[in-house]
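The structure appears below as structure tokens.
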Amino acid sequence: MTATRILIAGIQESNKRLSRLFCDCDVRFVRTMDEAGTALLRPYDVVLIAIRFDESRMFELLRHIKSDGRLSKLPVICYRSASGPVTATALARQAIELGTHALGATFIDLVADSDTERANARLRDTVFRAVEASTRG
């Protein structure tokens, strides 16, 4: 069985955490939209996008993936792994979550849970459920 292929459009602050969390997977990290575009020429099982990816270009990358017929069925999980001005208020965070869902992705807030291990387990579970669901249909 091959390792799950994960593309992570992340931020420096959380890349080490995600690298440890998915150490049993084939993970590629990208830091910019250009790097993401090039990376997406290869097949992946799932894409993770940080809210603050490439100066808060999460929605731009999400729209790119969902509007490309070759990539549109690829599961995407957007995540918040660090506090910042983009999500300074509960209303702003909720708007991001709603926008993410409207564009066909899942949203996970790793900051909202004070138990890091529980948040990590929830993210791993969400990733593997998304991959499994995409292979079924």
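Numbers at a glance
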item: Segments classed as helices (runs of 4 or more DSSP H), wholly inside region 26-137, with at least 2 members that are open to solvent by 70 Å² or more (accessible area, probe 1.4 Å) and basic (Lys, Arg); result: 116-136
item: Residue list for region 1-25, filter: touching a residue at least 40 places away in the same chain (Cβ under 8 Å), open to solvent by 10 Å² or more (accessible area, probe 1.4 Å), part of a loop (DSSP other than H, G, I, E, B) and within 16 Å of Phe128 (Cα to Cα); result: Thr4
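The values are calculated or read from the model by the stated rules, or taken from the named source; none is laboratory data. Since the model is a prediction, treat every value here as computed from it, not as a measurement. Because the Cβ atoms are built from the backbone with ideal geometry, glycine has one as well, and the counts that use them run over all protein chains shown. For accessibility, only protein heavy atoms count, side chains too; no ligands or nucleic acids. Shrake-Rupley method; radii C 1.70, N 1.55, O 1.52, S 1.80 Å.
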